[in-house]
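**Q** Have a look at this one before I ask anything.
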Amino acid sequence: MPPRYDYGVIDPDRAEFVLRRLRAVPEGFVTTYGDLSPGAPRFAGQVLRATDDPGVPWHRAVRADGSLAKGSRQRALLDREGVPFDGERVRMDLARVPAEALDQLAADARLQRSDG
């Protein structure tokens with residue numbers, strides 16, 4: 001069954017922008033909701049809540065302070081990827097992919113898909 005995107009009133013182009021950026025975050029790293037959707041971090045949360053695509057690495061989106069929105073389920077996935085923690089928070093100084101890098105990573109990923 002194909003992934004379901006139930007965006008409702010969410011702008012699908014903006015939603016795809018958020019998902020493209022999140023898919024570009026490499027394993028072992030995270031980004032913030034604000035980096036996924038600059039100026040509108042709650043929008044990024046709405047997009048993630050509206051999709052059930054198993055190809056979206058939702059666990060790599062964390063709060064700006066490194067805390068986890070999905071608790072132990074998210075922590076287990078990040079631990080498996082080797083994301084560093086200090087207590088209950090991601091070590092953002094070591095693991096964060098900033099907004100400026102997400103666009104380049106997403107562009108690189110698109111090039112790889114078109115070459116393959």
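No lab work stands behind these numbers, since they all come straight from the coordinates. All figures in this text were calculated on a predicted structure; none of them were measured in a lab. Quick reminder, even Gly has a Cβ in these numbers, built from the backbone with ideal geometry, and neighbours come from all protein chains shown.
**Q** Applying 1/(1 + (r/R0)^6) with R0 = 25 Å to the Cβ-Cβ distance of D103 and S67, what FRET efficiency is obtained, to the nearest 0.05?
**A** According to the calculation, E is roughly 0.50.
**Q** Go ahead and estimate [θ] at 222 nm for the chain from helices alone: -39,500 (n - 2.57) per DSSP H run with n ≥ 4, summed, over the residue count, rounded to 500. Working shown, then result.
**A** Details: 6 runs with 57 residues, N = 116.
Using -39500 (n - 2.57) per qualifying helix, the result is -14000 deg cm²/dmol.
**Q** If packing is taken as the average number of other Cβ atoms within 10 Å across a peptide's residues, how do 86-98, 19-31 rank, most packed first?
**A** In descending order of packing, they fall as 19-31, 86-98.
**Q** OK, next. On a 0 to 90° scale, report how tilted helix 12-23 is relative to the longest principal axis of the chain, with both axes built from alpha carbons and the result rounded to the nearest 10.
**A** 40 degrees
**Q** A further question on this structure: For Cα extents along the principal axes in Å, the listed values are (1) 36, 33, 31; (2) 53, 30, 24; (3) 65, 37, 23; which was obtained by calculation from the structure presented?
**A** Here Cα extents along the principal axes in Å agrees with entry (1).
**Q** Turning to a different aspect of this structure: Treating the beta-carbon of each Lys and Arg as +1 and of each Asp and Glu as -1, no other charges, what is the dipole magnitude of the chain about its Cα centre, to the nearest 20 debye?
**A** Value, rounded to 20: 280 debye.
**Q** How tilted is helix 71-81 with respect to the longest principal axis of the chain? Cα atoms for both, answer in degrees (0 to 90, nearest 10).
**A** 90 degrees
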